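Below is one structure, written out as structure tokens; comments come after it.
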Amino acid sequence: MNKFNSSHIFFILSGVTIISMKTYPTIYTTIGGRDSWISVICSGILLFAFAYIIISICKTNNNFNIHDIYCTALGKSLGTFFLCLFILSLFLTLVECASIESNSMHVNILFNAPPWFFLIFFIIPAIYTVSRGKNAILIVCIVGIVFVTLSGINLAILTQKYKHFSYLLPIMNNGITFNFVASVIKSFSYFANFSIILPMLTEFSNKNSLRKCIGWTLIFIIQMEVVSTIGVLTTFGMSRLNPIYYPKLVQTQLINYFGFLESGELYVLLQMLGGWYIKYILTFLSLILLLAKLNFKHKLTIVIISILVGISSYFCSLNTFLMFKFLNIYLGIILVNYILIPFIVFIIYHFKNMKVLENKK
């Protein structure tokens with residue numbers, strides 16, 4: 001299987017988009033308050049519009065090659081420069097995956113185990129998976145997303161009795177404020193991970209149904225994030241939620257049925273470990289594909305990048321407070337490099353290409 005088919009987009013897009021917002025939502029809930037779930041709906045609508053425009057441009061111009069689109073729109077030199085910024089964002093996403101995984105396990109599960117211990121058992125298996133090629137990555141992604149989704153549904157059911165929907169009231173009491181708009185923008189930054197799939201678009205065999213499959217997948221992703229945000233808001237309330245770095249891990253510790261059925265954190269561990277691993281290898285695949293389009297190929301590329309990610313993630317995950325400072329900055333960077341710049345570039349490319357076609361007529 002040399003190419004992905006359109007049905008694979010569900011697993012790939014879910015793998016790169018879902019886990020970040022579910023793991024550390026307090027960056028936007030701190031700003032948006034109890035109306036944060038509404039800001040997620042708004043940012044989801046923005047994501048839907050962005051995805052529709054980008055894929056429509058690709059389909060209309062019959063070009064899904066991000067390298068060709070950037071270089072055609074901006075020229076070879078400037079296009080390569082902005083592609084390098086995109087590559088930098090992909091590298092930072094790898095650091096996000098590794099550092100969050102190691103820090104969350106260190107803080108919530110095995111406090112005496114240092115972050116580097118978790119990084120070893122995260123990065124080395126990822127090197128093997130990525131080195132085995134697209135098929136191996138896709139298999140891990142499909143199996144992982146199935147189990148992560150099932151555990152998430154099970155977890156939502158088990159935590160239902162601990163949720164107090166009165167914590168959401170009154171809804172939009174202060175109307176549309178600056179904080180609400182800021183929360184929409186911040187939550188939209190999480191959804192910016194959608195653009196990780198852009199370098200992979202050339203790897204899909206049937207591109208005619210790509211837009212439809214992406215649309216249905218985004219509906220699934222957005223509703224999942226809304227439900228997840230409502231879940232933590234109704235479980236803790238704003239006063240208790242915002243000081244918690246990883247609320248999902250704490251939320252599952254509440255589970256207790258019949259005096260013996262507990263340990264709900266096993267479900268969220270599957271979600272977090274599996275979810276971050278899937279996002280990591282998919283981002284790695286996107287990075288390798290984009291480097292190949294820039295004619296940068298070396299047999300040690302995967303190892304070198306992994307070492308750099310490991311070192312960066314180790315220092316990033318040592319201090320949770322500083323790591324969340326990094327995550328705040330990181331969300332701003334990917335909002336620019338994953339959303340703003342690609343949107344402008346694709347629009348320029350579309351009008352340039354339409355002008356060329358008209359001149360040929």
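Of note:
- Dipole magnitude (debye, nearest 20) for region 7-359, charges at Cβ of Lys, Arg, Asp, Glu: 520
- Accessible surface of the chain [probe 1.4 Å, protein heavy atoms]: carbon and sulfur percent: 69
- Across His350, His298, the residue with the most accessible area heads the list, and the full order at a 1.4 Å probe is His298, His350.
- Shape call, region 137-186: gyration tensor on alpha carbons, a/c limit 1.5: oblate
- Rounded, prolate or oblate (a/c below 1.5 giving rounded, otherwise prolate when a/b exceeds b/c) for region 65-191 by Cα gyration tensor: oblate
- Dipole magnitude for region 183-308: about 540 debye, using +1 per Lys or Arg Cβ and -1 per Asp or Glu Cβ, origin at the Cα centre.
- In sequence order, calculated HN-Hα J values of region 288-298 (Karplus, 6.51, -1.76, 1.60; Hz; x Gly/Pro): 5, 4, 6, 5, 5, 5, 8, 6, 10, 10, 7
- With DNA, RNA and ligands ignored, accessible area of Trp116 (1.4 Å probe; Å², nearest 10): 120
- Residue-level accessible surface for Ser239, protein heavy atoms, 1.4 Å, Å²: 100
- From the coordinates shown, log10 I(q)/I(0) by the Debye sum over Cα atoms at q = 0.09, 0.11, 0.12 Å⁻¹ corresponds to which of [x] -0.44, -0.67, -0.81; [y] -0.50, -0.74, -0.89; [z] -0.57, -0.81, -0.93: [y]
- Region 61-104 and region 203-282 have Cα centres lying 26 Å from one another.
- Largest accessible area first, the listed residues Cys213, Cys84 line up as Cys84, Cys213 when surface is computed with a 1.4 Å probe on the assembled protein chains.
- Heavy-atom accessible surface of the chain, averaged per residue, reaches 44 Å², computed with a 1.4 Å probe.
- For Phe204, residues with placed amide H under 5 Å, excluding near neighbours: Phe4
- Amide H partners (placed H, <5 Å) of Ile255, local residues excluded: Gly264
- Ordering Ile123, Tyr52, Ile347 by Cα displacement along the dipole of region 7-359 toward the positive end leaves Ile347 in first place; charges were set at the Cβ atoms of Lys, Arg (+1) and Asp, Glu (-1).
- Counting only protein heavy atoms and using a 1.4 Å probe, the accessible area of Leu254 comes to about 70 Å².
- Part-to-part distance (alpha-carbon centres) for region 156-198 and region 285-361, which is given in Å: 26
The values are calculated or read from the model by the stated rules, or taken from the named source; none is laboratory data. Note that the structure is predicted; figures quoted are calculated from it, not measured. Using ideal geometry, Cβ is built from the backbone for each residue, glycine included, and neighbour counts are taken over all protein chains shown. SASA here: full protein model, heavy atoms, side chains in, ligands and nucleic acids out. Shrake-Rupley method; radii C 1.70, N 1.55, O 1.52, S 1.80 Å.
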